[in-house]
Amino acid sequence: MLTREQKLVMLSTTLDMFLEGVFVTLSPISVQWPFVPGWAVPLLFIMMPIGTIIGNSTFGRLTDLRGRKLTYLSMLAVYAVGSALVILSSNIYELLAGLLIVYSAIGGEVPVVLSYLVESAPVNIKERVVVLITNVGNVGAVVAAALALMTSGLSVNAERLALGVLIGLAISVLVLTRSLVPESRPWASLPRERRGRVSLNYESARFALASLTLMAISSVLTFGLLALSIGPEEFPSLSNEILLVYFIGEVLGGFIAAYLVTYVGSKGFTLASYLGGLVTTVAAVLVLRLGPVPFLALLLANGVFTETVWASRNVLESLAFPTNFRGTGISLVRVAAYVMLAASYLVTASMTPVEYLMFAAAMWALGVGASLAWYARGPELVGAPLVNLPEEFKVRPPRRRWGQRGSDTG
């Protein structure tokens, strides 16, 4: 049975993820708003990595130093200001400012939510809790895309009103739930001098940081590629339908991940997910020429694998770092990935769809390599208790080469 505190954390973080999913769709939805000039469309999408970098580097660190609850509550004000600017914007500059603030809140909130979940959920279900609750973000994206699709035939004002009501209701409920959520007990039990202390002078931390960062770069640079970039460019009249199908695939992927990760284990499941993403991306090179229906079918499969990758990453990142710098560790991994995403716009801006897909395939291959390294040397974190001391997190030593002599001490 779950305690009252555990139920409050799960309810509140579920609503958080729903709202985050709604916010993720704001950039592609706002492309069609009449005051958005053509030159500003790339800026709408670059607000996400820039905002995420700001939020991760600021609030991810703050949650280790000052606690989960303080950071958690402060995010509400950021959300409210940013979403109001987006919904009420009358020019491109107000819209860009609102998107930057909203995505900063998303970037800062993810380390807090993941930390809260693994520090509150029972040991035997914590992986499923992380996967299922973060998957609610895809439900929010599906709802937002469906609203945009239903209201786009009326007017842009109707679309913005529907989104504004949805966001306003969600934030109103979050004010209540977040005020009731208690401070994380594992964080509160840490001695003050250990809170936020970062130690990377042991092998497991360096290995975790390097391999998880490479996995993050792979998945962040390929997230929503077919739905947010390639699809709308090739089939512009189906942009809302493309968003809807893709995020339905992600929702399905979340449920699949929640079921399989505890049976397959985080290591095998992560590797299989990256392989699936690579295969569907390579297949898209051929499917693009066959028309919208085959593309939508492949898009659904790609959405499934994209979500299983993100689900496996959420499990690994939330459990690989000790409580004293869990938020900081998650942020370091994600900041590096979003810096690379922002830089990649300079490289990919002039690419054709096929060239872009080949670039994405290379990024998926990077993730396959990093997940293979974790499979070979990383620990299996499913079912393991929370790691509070860095020394408790052991990395499997590399295999001894054939013919290599052991040490004299045995």
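Could you list all residues from the range 1-25 that are in contact (Cβ under 8 Å) with a residue 60 or more places away in the chain and farther than 16 Å from K69 by Cα? Before the answer, list the steps.
Pass one, the range 1-25, residues in contact (Cβ under 8 Å) with a residue 60 or more places away in the chain: 2, 5-6, 8-25.
Scanning the range 1-25 gives L2, M17, F18, L19, E20, G21, V22, F23, V24, T25.
Scanning the range 188-212 for residues that are buried (at least 19 other Cβ atoms within 10 Å of the Cβ) and modelled with pLDDT of 90 or more returns S211, L212.
Which residues, taken from the range 346-356, are over 24 Å from I53 (Cβ atoms) and part of a helix (DSSP H, G or I)? If you could, list the steps in order and put the result at the bottom.
Our first condition is that a residue be over 24 Å from I53 (Cβ atoms); within the range 346-356, this holds for 352-355.
Residues satisfying the conditions are P353, V354, E355.
From the list A373, A365, A343, the lone residue that is part of a helix (DSSP H, G or I), free of Cβ contacts under 8 Å to residues at least 40 places away in the same chain and surrounded by fewer than 24 Cβ atoms within 10 Å (Cβ to Cβ) is A343. Within the range 66-73, is there a residue that is within 17 Å of the chain's Cα centre (by Cα), surrounded by 24 or more Cβ atoms within 10 Å (Cβ to Cβ) and of a type in the set (D, E, K, R)? No, because not a single residue in the range 66-73 is within 17 Å of the chain's Cα centre (by Cα), surrounded by 24 or more Cβ atoms within 10 Å (Cβ to Cβ) and of a type in the set (D, E, K, R). For the range 132-184, filtered to residues that are free of Cβ contacts under 8 Å to residues at least 24 places away in the same chain and either over 27 Å from V36 (Cα atoms) or in contact with a Lys or Arg (Cβ under 9 Å, 6 or more places away or on another chain) (or both), the residue that is surrounded by the most Cβ atoms within 10 Å (Cβ to Cβ) is T151.
From F295, F305, F359, grab the single residue that is part of a helix (DSSP H, G or I) and modelled with pLDDT under 85. Show your work before the answer.
On the way: F305 fails: modelled with pLDDT under 85; F359 fails: modelled with pLDDT under 85.
Exactly one residue qualifies, and that residue is F295.
Of all residues in the range 21-29, none are modelled with pLDDT under 90 and surrounded by fewer than 15 Cβ atoms within 10 Å (Cβ to Cβ). Determine if the range 44-56 includes at least one residue that is over 17 Å from the mean Cα position of the chain (by Cα), crowded, with 20+ Cβ neighbours inside 10 Å and within 23 Å of T328 (Cα to Cα). No, there is no match, as no residue in the range 44-56 is over 17 Å from the mean Cα position of the chain (by Cα), crowded, with 20+ Cβ neighbours inside 10 Å and within 23 Å of T328 (Cα to Cα). Among the residues of the range 74-83, the one identified as among the β-branched types (V, I, T) and either surrounded by fewer than 17 Cβ atoms within 10 Å (Cβ to Cβ) or within 16 Å of R326 (Cβ to Cβ) (or both) is V81.
The values are calculated or read from the model by the stated rules, or taken from the named source; none is laboratory data. Note that this is a predicted model, so its numbers are computed, not measured. Reconstructed Cβ throughout: ideal geometry from the backbone, glycine too, with neighbour counts over all protein chains shown.
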